[in-house]
Amino acid sequence: MQSASGYDSDEELEFRETQVPYINPHIPFTGRIVGGLREGHMVTITGRVLSTDENRFEVNFHIGIRDTYNIAFHFSPRFEGSGYVVCNTKQLGNWGLEEMKMQMPFQKGSPFEICFKVDRSAFKVMVNGSIFLFYVHRVPWHEVNAITIKGCVEVSDIYFQI
Ligand code: GAL
């Protein structure tokens with residue numbers, strides 16, 4: 001396989017050829033990220049926020065597919081007050097310091113696209129095409145091998161790109 005810039009490395013080939021998208025995943029959802037995350041990878045989720053009484057949803061990048069004790073990046077929009085988003089990391093079952101963004105880029109009932117781009121120093125989060133926040137890595141992101149989504153959303157697809 002060849003990209004616009006030339007031949008891809010074996011690692012990129014492995015990621016691209018083995019990581020299929022998840023289509024209409026049932027929420028709560030757990031899925032493997034085959035080969036783990038690498039610098040430059042993008043994970044894009046499209047869906048819609050449900051108009052239910054539930055006021056939160058979350059996307060988690062886990063270290064260990066059956067392990068809820070280690071979450072490299074927890075992204076948790078909360079429709080409480082005027083709305084905000086909490087980001088955090090869980091290590092050996094303990095949450096770290098929360099990073100809060102006092103803005104709500106999602107709307108109940110509305111469709112969304114969230115793109116998580118893995119940069120060398122941070123997860124860059126884009127919502128509906130605009131940069132929303134950066135979350136500086138606290139743990140080795142290349143050990144991330146699973147994604148979970150739960151809460152007041154329905155998801156039409158999750159796809160993975162270099
Ligand atoms: C807690 C919440 C967890 C997680 C955590 C992040 O209050 O119960 O689900 O969101 O905050 O810091």
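Within region 106-132, being of a type outside the set (Ser, Thr, Tyr) and assigned to a loop (DSSP other than H, G, I, E, B) holds for 106, 107, 108, 109, 119, 120, 128, 129.
The condition of being over 13 Å from the mean Cα position of the chain (by Cα) and of a type in the set (Gly, Ala, Ser) holds for only one of 31, 64, that being 64.
Among 66, 48, which is charged (D, E, K, R), touching a residue at least 24 places away in the same chain (Cβ under 8 Å) and either under 21 Å from residue 156 (Cα atoms) or in contact with a strand residue (DSSP E or B) (Cβ under 9 Å, 6 or more places away or on another chain) (or both)? Only one candidate passes the filter, namely 48.
Would you check if there is a residue in region 85-108 being within 13 Å of the ligand (Cβ to nearest atom), of a type in the set (Ser, Thr, Tyr) and either surrounded by fewer than 18 Cβ atoms within 10 Å (Cβ to Cβ) or within 21 Å of residue 156 (Cα to Cα) (or both)? No, region 85-108 has no match at all.
Taking residue 139 as the residue in question, decide whether it is buried (at least 20 other Cβ atoms within 10 Å of the Cβ) and within 16 Å of the ligand (Cβ to nearest atom). Break it down into steps so the answer makes sense when it comes.
Details: buried (at least 20 other Cβ atoms within 10 Å of the Cβ): no; within 16 Å of the ligand (Cβ to nearest atom): yes.
In short, no.
Residue 134 falls short of the stated requirement of being surrounded by 18 or more Cβ atoms within 10 Å (Cβ to Cβ), of a type in the set (Phe, Trp, Tyr) and either free of Cβ contacts under 8 Å to residues at least 12 places away in the same chain or within 21 Å of residue 33 (Cβ to Cβ) (or both).
Values quoted throughout were computed directly from the atomic coordinates according to the rules given, and no laboratory measurement underlies them. Values in this document were obtained by computation on a predicted structure and should not be read as measured data. Note: ideal-geometry Cβ built from the backbone for every residue, glycine included; neighbour counts use all protein chains shown.
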